[in-house]
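The values are calculated or read from the model by the stated rules, or taken from the named source; none is laboratory data. Predicted model, so just to flag it, every value in this text is computed and none were measured. Every residue, glycine as well, gets a Cβ built from its backbone with ideal geometry; the counts of neighbours run over all protein chains shown. Only protein heavy atoms, including side chains, enter the accessible area calculation; ligands, DNA and RNA are left aside. Shrake-Rupley method; radii C 1.70, N 1.55, O 1.52, S 1.80 Å.
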Amino acid sequence: MGSKVYINGICAISAQKTFDNTTFLEEIELYNDTVINAIDPNYKEFIPPASARRMAKGIKMGIVASKLALKDATLDNIDAIITGTGLGCVRDSEKFVSAIIDHDEQFLTPTSFIQSTHNTVAGQIALELQCKGYNFTYVHGSNSFESAVLDAKLQLEHDEARHILIGGVDELAPHTIKIHRLIGHIKAESVTANTVLNSNSKGAVFGEGGNFFVLSNEQAASSYAEVQAVKLFNTLNKSSVYTQAIEFLKENKIDHIDALILGCNGDVEYDSYYEGLRDGFSNVQQLYYKQLTGEFYTASSFAYWLGAKVLKTQSIPNVVKLNSVDKKSMDSVLIYNQYRGENHSFTLLRKC
Amino acid sequence: MEELKQELKAKIVEQLNLEDVAVEDIANDDMLFGDGLGLDSIDALELIVMLDRDYGIKLTDPKQGRAIFESVDTMAAYISEHKTK
């Protein structure tokens with residue numbers, strides 16, 4: 001183990017007004033829907049119109065969140081950019097594929113094709129920041145963001161970089177929504193956000209967002225938390241989630257945690273994956289967040305934002321409290337996420 | 001001809017995603033590239049495909065495009081003369 005890894009800057013663009021780092025979930029939008037969109041910041045303040053006109057929402061969210069995370073970390077540039085995304089630039093993918101079908105594989109235009117790849121966001125951020133360093137995008141279902149974290153963490157621990165921008169980004173697109181409705185991954189009936197865990201129905205409320213962080217191997221005045229450890233599993237039995245969590249904590253010499261952030265989304269088929277942890281850590285402050293953001297492959301990046309904010313401010317907004325335990329001082333936060341029983345991750349954040 | 005010019009302006013705004021430009025903002029003789037609307041080489045490709053798809057005109061010589069895409073006036077004149085659909 002080499003250098004420690006710190007979260008020194010953050011920005012979340014989500015279905016809540018989270019892009020303003022001076023607030024912490026003070027104004028809440030309680031949606032009653034099956035699909036919720038991210039609230040747009042004023043993109044024109046951050047991206048020149050000539051560049052912005054070809055960018056779909058995912059790219060814009062990524063660029064603005066990156067710039068605000070860098071500003072939060074009081075940095076002008078970074079050594080590397082690593083993103084995670086489940087579906088990439090799916091709006092332009094849809095446009096391009098639709099054009100192929102509509103025009104019988106002829107008259108294809110370049111813009112949507114150029115902008116449709118999964119690594120477009122990281123590439124456009126690099127162009128905006130003029131960062132010529134390592135640029136990588138992980139696409140691995142609900143472990144996409146955590147894969148980016150792991151890559152950045154290894155590089156920082158081995159002093160291969162000092163500051164790395166990481167982010168999780170996914171956007172909603174009309175055809176994708178239609179398909180996911182058809183296969184029942186999106187709830188059939190609207191649910192009010194604060195009752196989603198009691199909806200007793202299949203599927204999730206879908207969402208989108210871009211959550212970006214500056215990870216550094218130097219602690220700074222702006223530091224939010226230390227990323228002590230991250231561990232990924234492609235498959236995990238429901239019955240072994242709790243024992244794996246305990247094993248993970250033991251590996252990191254932690255005998256207790258102060259808060260547990262869970263990725264439960266109200267899907268009656270898969271929320272049972274969280275039951276072992278909810279029972280096993282019943283004396284720990286438990287938090288949830290997908291009622292605020294919706295479900296998407298990189299929604300767990302919002303859990304990092306939440307954990308970082310909790311550790312820095314030592315406060316927990318009522319809207320994310322999952323149980324009645326009231327912890328006054330928080331030193332360690334465990335994050336657990338999975339989507340539809342696959343791609344599980346544990347992350348340990350520590351106060352710094 | 002005036003109808004075609006209005007049609008072209010609407011297509012340019014829509015297909016090139018000119019978010020802050022309205023059809024009324026484009027004069028018939030405004031330069032489309034460079035100092036005028038500020039279109040670039042990717043836009044040129046989009047316009048070439050549009051000519052083929054919507055008017056049945058295939059441009060094979062890139063140098064030809066420079067003169068055709070100078071303004072809405074020049075585009076409309078070329079399309080009127082060469083369109084096949």
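Brief remarks follow.
- The single condition among (1) touching a strand residue (DSSP E or B) at 6+ places or on another chain (Cβ under 7 Å); (2) open to solvent by less than 60 Å² (accessible area, probe 1.4 Å) that A:Asp79 does not meet is (2).
- Residue in region A:159-179 that is in contact (Cβ under 8 Å) with a residue 40 or more places away in the chain, open to solvent by 10 Å² or more (accessible area, probe 1.4 Å), in the same structural domain as A:Asp20 (by TED's automatic domain parsing) and of a type in the set (Ser, Thr, Tyr) present: yes
- Any hit, region A:45-53, residues being surrounded by 14 or more Cβ atoms within 10 Å (Cβ to Cβ) and without any contact (Cβ under 8 Å) to a residue 12 or more places away in the chain: yes
- B:Val21 within 13 Å of chain A (Cβ to nearest Cβ) and in a loop (DSSP other than H, G, I, E, B): yes
- Within region A:246-273, residues that are of a type outside the set (Val, Ile, Thr) reach partners that are open to solvent by 70 Å² or more (accessible area, probe 1.4 Å) with beta carbons closer than 7 Å, at six or more positions or on different chains, in the pairs A:Asp258/A:Lys327; A:Ala259/A:Lys327; A:Asp267/A:Lys202; A:Glu269/A:Lys202; A:Ser272/A:Lys238; A:Tyr273/A:Lys238.
- Selected residue (only one of A:Asn234, A:Asn194, A:Asn211 is assigned to a strand (DSSP E or B), open to solvent by 50 Å² or more (accessible area, probe 1.4 Å) and either of a type in the set (Phe, Trp, Tyr) or under 30 Å from A:Arg91 (Cα atoms) (or both)): A:Asn234
- Residue within region B:57-73 that is open to solvent by less than 90 Å² (accessible area, probe 1.4 Å), within 14 Å of chain A (Cβ to nearest Cβ), free of Cβ contacts under 8 Å to residues at least 60 places away in the same chain and more than 10 Å from the chain's Cα centre (by Cα) present: yes
- Restricting attention to region A:14-67, the residues that are over 18 Å from the mean Cα position of the chain (by Cα), of a type in the set (A, V, I, L, M) and within 14 Å of chain B (Cβ to nearest Cβ) total 5.
- All positions within region B:24-56 that are within 9 Å of another protein chain (Cβ to nearest Cβ), open to solvent by 50 Å² or more (accessible area, probe 1.4 Å) and not in a helix (DSSP H, G or I): B:Asp40
- Subset of region B:1-23 that is within 25 Å of A:Ile114 (Cα to Cα) and free of Cβ contacts under 8 Å to residues at least 12 places away in the same chain - its residue that is surrounded by the most Cβ atoms within 10 Å (Cβ to Cβ): B:Asn17
- Residue match in region B:2-16 (condition: aliphatic (A, V, I, L, M) and within 11 Å of chain A (Cβ to nearest Cβ)): yes
- Test: A:Ser144 is open to solvent by 20 Å² or more (accessible area, probe 1.4 Å), within 16 Å of A:Tyr297 (Cβ to Cβ), more than 14 Å from every other protein chain (Cβ to nearest Cβ) and in contact (Cβ under 8 Å) with a residue 60 or more places away in the chain: no
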